[in-house]
1. Quick check on the range A:342-383: what are the equivalent-ellipsoid semi-axes from the Cα gyration tensor, as sqrt(5λ), descending, whole Å?
2. So what is the calculated 222 nm ellipticity per residue for chain A, using -39500 (n - 2.57) for each DSSP H run with n of 4 or more, over all residues, to the nearest 500 deg cm²/dmol?
3. How far apart, in nm, are the 7 Å Cα→Cβ label points at residue B:13 and residue A:225?
4. What's the FRET efficiency of residue A:217 with residue A:310 using the Cβ-Cβ distance as r and R₀ = 25 Å, to the nearest 0.05?
5. For chain B, what does the helix formula give at 222 nm: sum of -39500 (n - 2.57) over DSSP H segments with n ≥ 4, over the residue count, nearest 500 deg cm²/dmol?
6. Along its principal axes, what span do the Cα atoms of the protein assembly as shown show, with the longest given first and each in whole Å?
7. Can you tell me the 0 to 90 degree angle between the C-alpha axis of helix A:39-63 and the longest principal axis of chain A, rounded to 10?
8. Could you put A:216, B:105, B:50 in order, starting from the residue whose Cβ has the fewest other Cβ atoms within 10 Å?
């Protein structure tokens, strides 16, 4: 019974934890401008993150070591350094975007400018990561993030023309007034939002912290293959509500207040409050994960003691990196860059850095020295290679598309 | 083989980066031609249209009591920020010809109207005042949509 509860809790946490500021922004923007024409990208992204999260979870459970640690050992310090540089930059920028997202959510609830909230949020985040119990934080924010389910309910309450939505989803093409360049720019951003690198580092390092072993493989797989797709369903709901309300009005979405508007229309004040709570929990939970991921990657590369479960005194350098990353994230926001714009840039850079994260995972997941008979099978390798090609294509296309479309402006 | 005491690949890499940067600098700093001006103007019109439509949506939600005060204040603020950004974009570049100047004038008038109606909606203390501002935003939205459609 206890095990079933643990699995259920893991799935629920994975659902709530899947959505972050990148998913919120990218899906709402894509839905408003292109209707459901990007629904397939969401599906592809969810399959990709499931494939690679399963690999990294398996690597951690069998070898007892996190992916980044093995990448350095298996591919050498030079390749691992490239991996570290790319991933760390993207993770710290994502952390900044998440902190901005928390600030924006609090601004929606209080009308106090988000920049005034950012330092407060940063201190609370640091204290939480320093003092609070890992499992409590993960469960509280993962479960609270589930309030985003109001977006799913809103789809039905808004009474959409389902035939039209289905038509858009099954005939993916830019609508009148948009071009293919912008369409593909949004496709790359959406793909990157589903496959953010920090997710796999956090997943594998968390597995080591919680001392997963062979017996936990099933739990890990259930979490990944149920939790992430259901989390993807929340992202789908964000896209759909935007497509229902804003696409017919030919209006873009570029703020969190607009993203929440369809829920207010469908469910009134209570629904709106739940949506804002969901934004807060999703972004704060992701800020925790990105903050820890920054510490994990650096500490694992340099071979320092690391872990949220270790006392700060025992892993001083790990905790220092976490703290410096939070300060760096705050510093980025204090330039007064719009957090939504920061998120868009982060998604583009994330797309560029994707191969640096996923190629090493695929290599390590095929190494018998670490995994024995638990190396990738044909299916995992087939899916892994296909997605690696997609990831490389997205990485190559991201910057040119950003320049040509003026950051999706058309 | 070495050039200036450096290996050839390193020199090629440095020259490529310099050329790329010079090209980028030229692209960003050269004056806009009529086509580029029109592209910027359309982006501005679309941003203003988004702000007007969003403002009207917020107003309607307020009239139906579906949002709370803090949310409405923030949402109006977001829409106003969008308008201000749009105005900044069109105020910068010099119109390259008379047609572009006429387009700018029409656009600026609509931006001004949208800003005024959005401000009125945010400041409205009574339902009739809010209704009037929402109607105004609807009207500006329609005019902006027509302008965008004409230029496509």
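1. 29, 10, 6
2. Taking each H run of at least 4 residues, the total per residue is -26500 deg cm²/dmol.
3. Computed distance between label sites residue B:13 and residue A:225 equals 4.5 nm.
4. 0.50
5. That comes out to -29500 deg cm²/dmol.
6. 71, 70, 46
7. Relative to chain A, helix A:39-63 is tipped by roughly 10 degrees.
8. On the way: A:216 18, B:105 11, B:50 26.
By the 10 Å Cβ count, ascending: B:105, A:216, B:50.
Each reported figure results from applying straightforward, stated rules to the coordinates on display, with no laboratory input. On a predicted model such as this, the values are computed, not experimentally measured, just so you know. Every residue, glycine among them, receives a Cβ derived from its backbone with ideal geometry; neighbour counts consider all protein chains shown.
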